Every structure is written in C-alpha cells, then in structure tokens.
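Novice: Below you'll find the structure I mean.
Every number here is computed from the coordinates shown, using simple stated rules; none is lab data. Given the structure is predicted, the values throughout are model-derived calculations rather than measurements.
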Amino acid sequence: MTMRIFVSRDAGAVAVGADEVALALGLAAAKRGVEIEIVRTGSRGLYWLEPMVEVATPKGRVAFGPVTEFDANSVLDAMLSDQPHPLWLGVADEIPWAEAADPPDLRPLRRDRPALAGGLPRP
Amino acid sequence: MMSVGEPWNPARGAEIIAEHSHLEGPTLVILHALQEAFGYVPEAAIPMVASALNLSRAEIHGVFTFYHDFRRAPAGRHVLKLCRAEACQAAGGDTLAARAEAKLGIALGDTTADDLVTLEPIYCLGLCATAPSAMLDGRLIGRLDEARIDALVAEAQR
C-alpha cells in the first residue's frame, strides 16, 4: 500500500527547508523501492517543529520534526518500521502547544484552524 | 528573480504608462510595470505618470516613496534582504547583519561596486517564529545563523 506522507508547503516551512525535505524523502523512498505519496499541506502553525513531516497510520497521523534533508533516510526508516526516532513527536493532532499561555475559552479556536490548515492538501 | 532591466527609454516608458492608464487605480500598477521593465522607476517617469493620469507630480511622488520596494536606482543582480525588525533583532539579527555587511564590504541599503549584490534591510517577513530571517531574490530563508548567512552571501556573489 502506498504510504502517505505530509509535508507543509507553507512559506514559513519552505523557508526552513520543507522543499528539500520533501525531495530527500522522495529519493530515500526510491532508494528503498518503497511507494510513497507526498502530500503538500498548509502548516499547523507549529513553526518551531517545521519542517514537520507526518505519516498516515491507523493511529492517526504521526509527526516527526524538525526534520532536515539529512534526516530523511532515518525518518523514513522509522516510519516504515514503526521504530523510535529522536524526532518522533507522536500523533500530530495530540501535540499540545501554547495551551499554558492560552485562555481556555480560546483553545478550540486556536487549535482547530491550524489543524485544518495542516490537514488539507494545497493546490 | 533577477532585478536587471532594460535601459531607460522615454518612448518605452510612455508605452508602458499608456498600456495601464485606462485601469481603475492605475498608479501602483504603472509603477510596478515600470520597475518590472527597467529594474527601477526612473525619476523622469514620475512627471510622465502624473501627466497621463491627470494627477500632480507630488501625488505620484508620494505613492512612489511610500512603498520602499520601488527603487529610484537599479539594484544589483541579486538582492539580499535581511529582516531588521524586532523579533529578528531579538534573535541575533544585529550580529548577522553586521556579518553580511562585513563580508560584502557594504552597508545595508548599498550595492556592491561590481553591481552584483544589493543588501537591504526589510521590516518583517512574517517569519518571526523562525527568526532571524532573510530573503534572497524573492526566496525566503528562516533560522539564519552564521553558516547560513555566509552561504547566502556566497550564493548572491555568484
């Protein structure tokens, strides 16, 4: 089955190397003879973790970050084998962020929009 | 994106102005088109735009000088913009700007003698979360450090 991998194409992610990471993942997959589909999305807004790479799994999308092009091989191996990796972040939707600083009534707003942006492929 | 344009030619300028003067709100469109063609907005074009649009020279001059992306002189072949706004300053941008100035032998706002590189300050690229940031010929770069700024300067000098 084709593995779906998500990489942001947001300007902020591209500025820290998202394009190079997407390219490197493609090369790493070709080298292993693995079929992957790279979907370029918006950013979830977790810029300190960009370039953040996600892979679709039965548990949900599992994220790694910040990934550089030099990490592409090891990250892809971790995705394929479901093995631990230093850049592993867990299920993307469950990454807590900025909650401590946010008033509780704003949390749903602040979480939903970036999650949508990160979830949808962009043309 | 290279910023080298054709040499200023009043007839060509008039042609560009005429091409856009029928539009609604044509001033910015014309200034952009002039800069696109010549690499800058020649001083001589300002009264021509004013006359074509039946506006005063002061009005066109006002619009032209308000937007710092409009140039009064041609830029170098490559334009390196360093963000000098607050977040980038707080993240070490001062040191990196000084480093770029020293490497190129020019100050922010200047162009190297060989017309290869224009170094400019810019006030916020919206990449505060990955500050300090820069833009080389329209390409955004975040998380600058000494190695990255050196690489950008070297790329601009090629």
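Novice: How large is the convex hull of the C-alpha atoms of region A:4-64 per residue, in Å³?
Specialist: 75 Å³
Novice: Also, quick follow-up: In square nanometres, what is one fourth of the surface area of the convex hull spanned by the alpha carbons of chain B?
Specialist: Mean orientational projected area (chain B, Cα hull): 9.8 nm².
Novice: Using Cα pairs closer than 8 Å and at least 6 residues apart in sequence, work out the relative contact order for region A:1-82, in percent.
Specialist: It comes to 38 percent, rounded to a whole number.
Novice: Right, next: Could you list log10 I(q)/I(0) for the protein assembly as shown at q = 0.08 Å⁻¹, which the Debye formula gives when each Cα is one point scatterer?
Specialist: Relative scattering, expressed as log10 I(q)/I(0), comes to -0.48.
Novice: If one computes the Cα centroid of region A:16-42 and of region B:129-158, what distance in Å separates the two points?
Specialist: 23 Å
Novice: In addition: Round to the nearest 10 and give me the degree value, 0 to 90, for the angle of helix B:146-157's Cα axis relative to the longest principal axis of chain B.
Specialist: The angle comes out at about 40 degrees.
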